[in-house]
Every structure is written in structure tokens, then in C-alpha cells.
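Worksheet: the structure to be examined is printed underneath.
The values are calculated or read from the model by the stated rules, or taken from the named source; none is laboratory data. Just so you know, these numbers come straight off a predicted model, no measurement behind them. Heads up, the Cβs are rebuilt from the backbone with ideal geometry, glycines too, and the neighbour counts pull from every protein chain shown.
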């Protein structure tokens, strides 16, 4: 009598173990399928749409798109110059050199595309795909390295404030690739933006004050 009971117990334990193993394998398969779905590559249109969303929510237009102001101070983006940076033909207004001193008010142009601060004078870059004055000749790798390293073209001059490259550079590669794809899809605007100026250069422009 004991032998049949023993055999039944062994069979029950084995059946239970097989059930547990089967459930575990099924769960692993489901996780693999979910992971595969998550890594599905986006289409070109989806990538551009994603890049546009990231540009808007990251505030890129705040500096890189010239602004227009209404009679009551209401602000709007200049739709004819979106993401084209500081207008090269715009005359430089009188410089406030006190802005070069830490702790003082920072100065900016009326369209919010050029800034004077303790670092000197910086102009927002042309991010449109114009090959001569924008990023049209940049590779995807150069764009990503620029954001990651805070260097022009990834290994050139430093990118100056107020560009928050330290934070944007924490985006993953997929997000930066999406931004690059979106920028490449925008209308090219020819606008050769001036290189940034040092503190001494700003003082010289202001008449050596």
C-alpha cells in the first residue's frame, strides 16, 4: 500500500515541477516578445514626428527661433525664421558690459537670439539644413557628438551658455537621432550666424569700457 502512495506522491511532485517550469518559460518568452516590440524601429515619419515633439518640449525654439512682439508684449515665433538662429543682418544694439560681471543682469537681444553674460557674447546657431550656414553638411554622428561633448561639430570650440547642452546631452541616442532627423526635414534657411565673442572682444566692441 505504501509503494503506490509513494509513487503517486512522486508523480504529483514531478507534475507540479513541470508546471512551474512551463510557467517560467512562458513568462520569459512573453518578456522577450515585449522587449522585441519595444525595440521596433520607427519609420522615417515617426522619427521626424518624435524629433519635433522633443524639440518643442525641450524649449529649443526659445533661443534658436527669432521672436516677434505685439503692442502689448505678446510674444510669437517668427514663422519665416524658425530655428534659423540669430539673424545675421540684425544690427548689434548697444552693449551693456556690466552683464559680463557675475551677479549682474544678463543682456539679450530683442528677439531673444543673442546673449551677453560672464562668458562673453553668444549667438544662437542656425539649426536648419542649409548646407552653407546651418547643419546641412553635418553627419548624424557630428550632431550627436556636438550635444554630448558641448563642442562645435563634436570636437571644435566650446558651445557657450545659455545653451544647456549638459542636460540635452543626457538624451539617449534614439532621441538625439530623432531630433537630427526632424531638423533635416525643416526648410533650409541661409543665415550665417556670427561666432561667439569673448569678454575682451565684447569690451572692445563696446568701446573699451
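Surrounded by fewer than 17 Cβ atoms within 10 Å (Cβ to Cβ), out of contact with any helix residue (DSSP H, G or I) (no Cβ under 7 Å at 6 or more places or on another chain) and in a helix (DSSP H, G or I): does that describe residue 195? No; evaluated as a whole, the condition is false for this residue.
Looking at 110, 120, 136, which one is at pLDDT below 95 and either surrounded by 14 or more Cβ atoms within 10 Å (Cβ to Cβ) or over 27 Å from residue 184 (Cβ atoms) (or both)?
Answer to the selection: 110.
Of all the criteria given as (1) within 14 Å of the chain's Cα centre (by Cα); (2) in a helix (DSSP H, G or I), the one not satisfied by residue 171 is (2). Report yes if residue 183 is outside any loop (DSSP other than H, G, I, E, B) and at positive phi, otherwise no. So residue 183 fails the test.
Taking the range 86-104 as the range and being surrounded by fewer than 17 Cβ atoms within 10 Å (Cβ to Cβ) and touching a helix residue (DSSP H, G or I) at 6+ places or on another chain (Cβ under 6 Å) as the test, only 104 passes. Among the residues of the range 153-168, those identified as over 26 Å from residue 45 (Cβ atoms) and either touching a residue at least 12 places away in the same chain (Cβ under 8 Å) or buried (at least 17 other Cβ atoms within 10 Å of the Cβ) (or both) are 153, 154, 157, 159, 160, 161, 162, 163, 165, 166.
Just the residues that are loosely packed, with under 14 Cβ neighbours inside 10 Å and closer than 22 Å to residue 116 by Cα, please, taken from the range 50-61. Lay out the reasoning, then the answer.
As a first pass, look at the range 50-61 and keep what is loosely packed, with under 14 Cβ neighbours inside 10 Å: 56-57, 59.
Correct list: 59 only.
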